[in-house]
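Peer 1: Can you keep this structure in mind? I'll have questions shortly.
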């Protein structure tokens, strides 16, 4: 069954901003393409568009929330400064409210460079004329997966709960083979236990791992329509989804693997309360897109500048601070096309 324009109505009625969770930077507000500017000057189209192949006066790099907003704004500013040094062009940064807002910013020329999740990356290409140039590497790979989490192992764990040390060195709980799986999907039989009318805490209606892929998976595995058979709620951010389960507000949620690392200091109970019970199929990692309005040579220079940062200690630290990026590789257009097909299942 194709998921059509009901998405707009579903989003309008089910967005849940978990302001009480304390990770306000991940809350989803209206898609304001201006977002949070880390500079003090107003950016206009004339300031950022190249004329006659000459360098623009400045470039604007847009990001979306993945952590506390204040910290992301600060970290983004550092990344912008490093890019400025590589390019010899001032780079200003801003944080859009969500992926949709950043796509709009690219479309309207308010952003020249964007760092997107995979679904939004292909939307930026298709809707804003952007060019996907790079993808992130984490844990040695350019793909990742959704993790399904619960605080009710008696229901969703079909084997014993195990405690294991994840790649970041944190001891956390797993079941259904998710502690040892090399790639997704995993634990799908447990997803089949989700019943009609059940509440699932997703992340953001424009998030690949936080909505598109798990919503597709629950439909494939259980036959449930995410629009009509599931009480879909949105946390507004991956950390909020984890906190919602840890604090007992929701029984089942989804996030990227492993968003528990991002909130365990804030809520140490996450280690005890939040169990990963399933994974989605693999998803291409987030990436970098450059504006189609930029000269091709400048697009190449921006790509080279990002790669240079990933090859330097200072630059890699900055990329890690912003999005936990461990490396950058050329965009895998074939994998991104699969993400495009998943997105197409949801309609406009």
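Peer 1: When the convex hull of the Cα atoms of the stretch 143-283 is projected onto a plane and the area is averaged over all directions, what value comes out in nm²?
Peer 2: The orientation-averaged projected area of the Cα hull of the stretch 143-283 comes to 7.2 nm².
Peer 1: Using the beta-carbon distance between residue 162 and residue 334 and R0 = 25 Å, what value does 1/(1 + (r/R0)^6) give for FRET efficiency, to the nearest 0.05?
Peer 2: 0.10
Peer 1: For the pair residue 155 and residue 225, how long in nm is the line joining their label points, each one 7 Å along Cα→Cβ?
Peer 2: About 2.3 nm, to one decimal.
Peer 1: Ranked from highest to lowest mean number of other Cβ atoms within 10 Å per residue, what is the order of the peptides 203-210, 149-156?
Peer 2: So the peptides 203-210, 149-156, ranked by packing, come out 203-210, 149-156.
Peer 1: Ok, one more. With viscosity set to 1.567 mPa s and temperature to 4 °C, compute the Stokes-Einstein D of the stretch 249-341, Rh being the Kirkwood radius across alpha carbon pairs; µm²/s, no decimals.
Peer 2: The diffusion coefficient I find is 79 µm²/s.
Peer 1: Based solely on C-alpha atoms, express the radius of gyration and the Dmax of the stretch 65-173 in angstrom.
Peer 2: Answer for the stretch 65-173, Rg first and Dmax second: 18.5, 58 Å.
Peer 1: Let me know the Kirkwood hydrodynamic radius for the stretch 242-296, please, with Cα pairs as the basis and the value in Å to one decimal.
Peer 2: 13.7
Peer 1: How would you rank 315-322, 55-62, 336-343, highest first, on the average number of other Cβ atoms within 10 Å across their residues?
Peer 2: Descending packing order for the listed peptides: 55-62, 315-322, 336-343.
Each value in this text was obtained by applying a stated rule to the coordinates, not by laboratory testing. Remember, it's a predicted structure, so these values are computed and weren't measured experimentally. Here the Cβ is made from the backbone with ideal geometry for all residues, glycine too, and neighbour counts use every protein chain on show.
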